[in-house]
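To keep things clear, I will list the structure first and then write my remarks on it.
The values are calculated or read from the model by the stated rules, or taken from the named source; none is laboratory data. These numbers come from a predicted model, not from an experiment. Quick reminder, even Gly has a Cβ in these numbers, built from the backbone with ideal geometry, and neighbours come from all protein chains shown. Just the protein is used for accessible areas: all its heavy atoms, side chains included, with ligands, DNA and RNA removed. Shrake-Rupley method; radii C 1.70, N 1.55, O 1.52, S 1.80 Å.
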Amino acid sequence: MAHVQKNNKNLSLSIEEDSEEEPKLKYERLSNGVTEILQKDAASCMTVHDKFLALGTHFGKVFLLDIQGNITQKFEISSVKINQISLDESGEHVGICSEDGKVQVFGLYTREGFHENFDCPIKVVALHPQFTKSNYKQFVTGGNKLLLYERNWLNRWKTCVLHEGEGTITNIQWRANLIAWANNVGVKIYDFSTKQRITNVLRDNVSLRPDMYPCSLCWKDNTTLIVGWGTSIKICVVKERNATEMRDLPSRYVEIVSAFETEFFISGLAPLADQLVTLFFVKDHMDEDFRARPRLDIIQPLAENCEEISSDALTVRNYQDNECRDYRLEHSEGESLFYIISPKDIVVAKERDQDDHIDWLLEKEKYEEALMAAEISFKNIKRHDVQKIGMEYINHLVKKGDYDIAARKCQKVLGKNMELWENEVYRFKTIGQLKAISQYLPRGDLRLRPAIYEMILHDFLQTDYEGFATLIREWPGELYNNMAIVQAVTDHLKKDPTNSTLLTTLAELYTYDQRYDKALEIYLRLRHKDVYQLIHRHNLFSSIEDKIVLLMDFDKEKAVDMLLDNEDKISTDKVVEELADRPELLHVYLHKLFKRDHHKGQKYHERQIGLYAEYDRPNLLPFLRDSTHCPLEKALEICQQRNFVEETVFLLSRMGNCRRALQMIMEELEDVGKAIEFAKEQDDAELWEDLISYSIDKPPFITGLLNNIGTHVDPILLINRIKEGMEIPNLRDSLVKILQDYNLQILLREGCKKILVADSLSLLQKMHRTQMRGVRVDEENICESCHATILPSDMAKSFSVVVFHCRHMFHKECLPSPGTFHGVQFCNICSAKRRGPGSGILEMKK
């Protein structure tokens, strides 16, 4: 709970927080003219309008005040206490009643008015909300009865008793067509449109004196009435009655939607959205003479209880002398302003806005939340205010020692203010935290002076080589004087010449300064991975012609790929020349060259034979197979010298010496499988004979031949040559396989024969159908012999035409006589071109 205390020196209010919960309302004392009034008099009632305030006093005076508390008008109404002031919605008419029975209703800007003196105190008066309009000239008064005053068309006031007999009426609230009032028994509501009383809400605690603990009434809207009495609160809703339930009942009824008890006595009520603002009179039950500070609570009504949202104890003047009836709560609906009225003090409460929220966050040192709130409200807060909050936050973080967070916040807070940036940099230097702010400095279009960046680089160079290298990589070179930093790094290298971090950083500085040769030299010396990127990016191929060995020693694969990708810049001959003394590197280069293109580097193929034999035998045989430019004799010589059997076999077969190749397979490799595969590849009967002859006295070879020879050579040739009594492993299985292979061959032949017969028959039938078709002959066709039209111009004359299946046509008399064979006539043209005889199919005569 917050305690609102007064400050006698400046008459202002301050709030002291007992918890971390932010208050919902803020307070200030209504001063100026009010201060002067309450020094001599005491407030008895007040009514609030959006435009002004109307204050009544115990000495019978009414003051009109502006919202700052300045007096604008003063009315001498009576010599005793003003009980109630009522204003219509327009604020143009006022109703006043006093303890001596006086009632006055008059226009603030007109001469019209009503003045009446009653013989009893009038506790309350209420004007019709639309009193300004001529047909709504009505008001009610409350003393020992509820009286309605209406002005008729003769401009006279007519009086009507709406209710009496239940004690003094202490409160009246008029909203639209509904009048609510409270007396000693309870609360009633009168429907002015139907002239009916529609409810009676009884008072709960009848032990409390109504004059000491008066009822508080407040309309939330045109149909919702809030009733507070003693420690009880009820929320009543006026509803329309169903037509079927009417009978003799009023057309409206009241439903109590919420009813609950409170801890303290209620002095006033006001709505705040769906919540309630409640003014409590706090009294100690153990000590009847003790008066605590009044409380202003915001509560959330529920069906049978409420939830406290906030609670503030108000230190108003002379609160120790006040009773529950001495406090009142009035509110301005338009601006959510709440006025706490006591005899010697008037306090204004209002909802806290975003600025108040930010002030509270700053007070609680919740700078991050304050900065976020300020940025969200950027349209309503000046930029320098946001920056001011941010600077307070940064100062707070620095004070706590959270330098990294403080430096990170500089980006958001300082923005484009270069002066502030430089001030912060010097502050971080003073506290020895340049490293913290270095990564957040501006480095785009907006930049600080080069001296700032150089100062930070020098600081890193003295204490942190890695951090220095990181800044050089991340910062654009134009931020600082590159030559000055190069000189500083060079000076440090004199003390530590092998420091790889400094050397790498120096290479980067040289690169930015376009001194690529020096950068390349350092990268090669360090075997740095960025050397290839540097060469590509800056086209340094002319600079690496004498450094090819160094590049390949560093990374063969990357170096070779780079050289092959840029053959137009560094020729193959140049690379071979540079690698002449390093054959193992030369082989890597020539091998990749060959893989890319078998014909490039063909003049080095003879040289590659020896390189493959020395450094990469697994790829020698594929090279010999794919190359069409290597000398076979040279290759055979090298392979024989090194006893490379497989390669020698391949070369012998390629040179036509298959029998010698087969012999090496059988004698040196002793691999019947390879021998059989070799014989299959060559498909030479003599090789099969040699293979059989070599294998005939070797049972394992015979088994291999029996398992594989069946589909290439007649097995009988092998079987007949096997000596009697020779033990052959798995002979039975081998013979079974031969028979199975033979049966398979027979089946394949029969199947092929059937397919051949079927295809031949199908083609024959197709040819027959084709030859049975008619052939169109008209005047456009010509004789292939005389080249005249095939049909005579006079169709009445007799003629004879021969048409062949090849579509060649002849006059019968033009057809050469040698075109017959065994009574069949053939087309001479097709026979001469060897395209078939083109036997005749049609002879036309007429």
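Within region 159-174, the set of residues being assigned to a strand (DSSP E or B) and either more than 23 Å from D248 (Cβ to Cβ) or touching a helix residue (DSSP H, G or I) at 6+ places or on another chain (Cβ under 7 Å) (or both) comprises T159, N171, I172, Q173, W174.
Of the listed requirements (1) assigned to a helix (DSSP H, G or I); (2) surrounded by fewer than 18 Cβ atoms within 10 Å (Cβ to Cβ), H605 misses just one: (2). On inspection, L590 fails the criterion of being in contact with a Lys or Arg (Cβ under 8 Å, 6 or more places away or on another chain) and under 22 Å from D530 (Cα atoms). For region 580-597, the condition of being outside any helix (DSSP H, G or I), hydrophobic (A, V, I, L, M, F, W, C), within 20 Å of S542 (Cα to Cα) and in contact (Cβ under 8 Å) with a residue 24 or more places away in the chain holds for none of the residues.
Residues of region 790-811 that are within 13 Å of N828 (Cβ to Cβ) and either open to solvent by 50 Å² or more (accessible area, probe 1.4 Å) or assigned to a loop (DSSP other than H, G, I, E, B) (or both): C806, H808. Can you give me the number of residues within region 456-487 that are crowded, with 17+ Cβ neighbours inside 10 Å and either hydrophobic (A, V, I, L, M, F, W, C) or outside any helix (DSSP H, G or I) (or both)? Number satisfying all stated conditions: 13.
Considering region 620-655 alone, what residues qualify as being surrounded by 15 or more Cβ atoms within 10 Å (Cβ to Cβ) and within 60 Å of the chain's Cα centre (by Cα)? L620, L621, F623, L624, S627, listed by residue number.
Note on region 127-143: residues that are closer than 19 Å to S78 by Cβ and over 60 Å from the mean Cα position of the chain (by Cα) amount to 4.
Residue by residue, here is whether (1) in contact with a Lys or Arg (Cβ under 7 Å, 6 or more places away or on another chain); (2) surrounded by 15 or more Cβ atoms within 10 Å (Cβ to Cβ) holds:
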| residue | (1), (2) |
| --- | --- |
| C236 | no, yes |
| R241 | yes, no |
| R252 | yes, yes |
| I256 | yes, no |
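Pairs meeting the criteria (first residue in region 468-481 and closer than 12 Å to I452 by Cβ, second residue modelled with pLDDT of 85 or more and open to solvent by less than 10 Å² (accessible area, probe 1.4 Å), beta carbons under 8 Å, at least 6 apart or on different chains) are W475/Y453; L479/Y453; Y480/Y453; Y480/L457.
Can you name the residue in region 426-438 that is out of contact with any Leu (no Cβ under 8 Å at 6 or more places or on another chain) and polar (S, T, N, Q) and, of all such residues, is nearest to R473 (Cα to Cα)? First the steps, then the outcome.
As a first pass, look at region 426-438 and keep what is out of contact with any Leu (no Cβ under 8 Å at 6 or more places or on another chain): 426-427, 429-437.
Now narrow it down to the ones that are polar (S, T, N, Q): 430, 433.
Numbers: T430: 26, Q433: 21 Å.
Here the answer is Q433.
In region 103-122, the residues that are free of Cβ contacts under 8 Å to residues at least 24 places away in the same chain reach residues that are in a loop (DSSP other than H, G, I, E, B) with C-beta atoms within less than 8 angstrom, at least six apart or across chains, in these pairs: F106/E112; G107/E92; Y109/E92; T110/E92; N117/D100; N117/G101; D119/G101. When restricted to residues that are open to solvent by 50 Å² or more (accessible area, probe 1.4 Å) and in a helix (DSSP H, G or I), region 542-577 contains 12. When I85 is tested against (1) open to solvent by 30 Å² or more (accessible area, probe 1.4 Å); (2) assigned to a strand (DSSP E or B); (3) under 22 Å from K137 (Cβ atoms), just one condition goes unmet, and that condition is (1). The strands (runs of 3 or more DSSP E) located wholly in region 282-359 that include 2 or more residues which are among the acidic types (D, E) occupy 306-314, 345-351. Listed by position, the strands (runs of 3 or more DSSP E) contained in region 175-274 that have at least 1 residues being within 25 Å of Y339 (Cβ to Cβ) and touching a helix residue (DSSP H, G or I) at 6+ places or on another chain (Cβ under 9 Å) are 265-272.
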